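One structure is given below, encoded as structure tokens.
The values are calculated or read from the model by the stated rules, or taken from the named source; none is laboratory data. Worth saying up front: this structure is predicted, and the values here are computed from it rather than measured. Using ideal geometry, Cβ is built from the backbone for each residue, glycine included, and neighbour counts are taken over all protein chains shown. Ligands, DNA and RNA are excluded from the accessible area calculation, which covers all protein heavy atoms including side chains. Shrake-Rupley method; radii C 1.70, N 1.55, O 1.52, S 1.80 Å.
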Amino acid sequence: MSTTSTTTKQAVSLTGTGLHLAFGNNKVLKGVDIHVDAGTTTTVIGPSGSGKSTLLRVLNRLHEPDSGDIALDGRSVLQDNPDDLRKRIGMVFQQFNLFPHKSVADNIALGPRKLRGVSKEEARSVALRQLELVGLAHKADARPANLSGGQQQRVAIARALAMEPQVMFFDEATSALDPELVKGVLALMAELASGGMTMVVVTHEMGYARNVSDHVVFMDRGVVVETGKPEQIFTAAESERLRTFLSQVL
Ligand code: ADP
Ligand code: MG
């Protein structure tokens, strides 16, 4: 049975509660709480090394938290098979990691084929539909190397979406791109957000954080220092640390 082509997945909320993680003596997450309402975007900002990437990896259980809970739609997922959780959360990184010897369409079809048991023909049609959504249908049979960095990142987003995730994580998805290519990727992310996807976006793009996200989380040294609506964060920051950070990046 296949549900790929027609179902619209219901958006889900994501909650991390009291998340702790240490690598040896290095306490990287020290009791992080985060809640993302269904269909909204939360942007995570903060200095390098503050634990933002680790938080995403804990939330999809690439690292198991030392303590704390993770819930989708209010139901804890810690007892589930981590692979099930990872199928529900799509992830896009700074490095696109496309397979160089496969066509763009095959890169996207691979996940549905291997992880969801979709037939070859259907995986191809899923791939083509996703490529259409990211504006790259004409590149289906090209190799990744023949695409710009921005196009490759849009393929990586299409690859994640082909798994029909309920939540999308972006970890500095535009940081490796040439400046002129950043806009197209941000526009695609904004489009996804307005389409009602639940998203957690780690970014240095303060314009995106301010204009697209529903909620902003500021992390420093493994804790959430301040959280609020973008207007609050960008015009009325309460903590000295956040004000200092913003004065450095804006
Ligand atoms: P950010 O994404 O905010 O820059 P990270 O989550 O990447 O921060 O890193 C936070 C801290 O965790 C850093 O001190 C980093 O060295 C450490 N860290 C991250 N991943 C690992 C790992 N796999 N093993 C050991 N230390 C790690
Ligand atoms: Mg990081």
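At-a-glance table
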quantity: Count - residues of segment 157-179 that are among the acidic types (Asp, Glu) and within 21 Å of Glu132 (Cβ to Cβ); calculated: 1
quantity: The one condition in (1) surrounded by 17 or more Cβ atoms within 10 Å (Cβ to Cβ); (2) over 18 Å from Ala158 (Cβ atoms); (3) away from ligand 1 (no atom under 16 Å from the Cβ); (4) touching a residue at least 60 places away in the same chain (Cβ under 8 Å) that Gly74 fails to fulfil; calculated: (1)
quantity: Hits in segment 55-77 - residues which are at positive phi and out of contact with any Gly (no Cβ under 6 Å at 6 or more places or on another chain); calculated: Arg61, Asp73, Gly74
quantity: Answer residue from segment 154-173, given it is open to solvent by less than 10 Å² (accessible area, probe 1.4 Å) and within 16 Å of ligand 2 (Cβ to nearest atom) and is nearest to Gly117 (Cα to Cα) among those; calculated: Phe169
quantity: Contacts under 8 angstrom Cβ, first residue in segment 40-68 being modelled with pLDDT of 95 or more and open to solvent by less than 10 Å² (accessible area, probe 1.4 Å), partner within 13 Å of ligand 2 (Cβ to nearest atom) and of a type in the set (Ser, Thr, Tyr), 6 or more apart; calculated: Thr43/Thr203; Val44/Thr203; Ile45/Thr203
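So that you can scan it fast, the table gives a plain yes or no per residue for (1) open to solvent by 40 Å² or more (accessible area, probe 1.4 Å); (2) in contact (Cβ under 8 Å) with a residue 24 or more places away in the chain:
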{"position": "Pro144", "(1), (2)": "no, yes"}
{"position": "Pro179", "(1), (2)": "yes, no"}
{"position": "Val182", "(1), (2)": "no, yes"}
{"position": "Glu191", "(1), (2)": "yes, no"}
{"position": "Thr203", "(1), (2)": "no, yes"}
{"position": "Ala209", "(1), (2)": "no, yes"}
{"position": "Ser239", "(1), (2)": "no, no"}
{"position": "Thr244", "(1), (2)": "yes, no"}
{"position": "Val249", "(1), (2)": "yes, yes"}
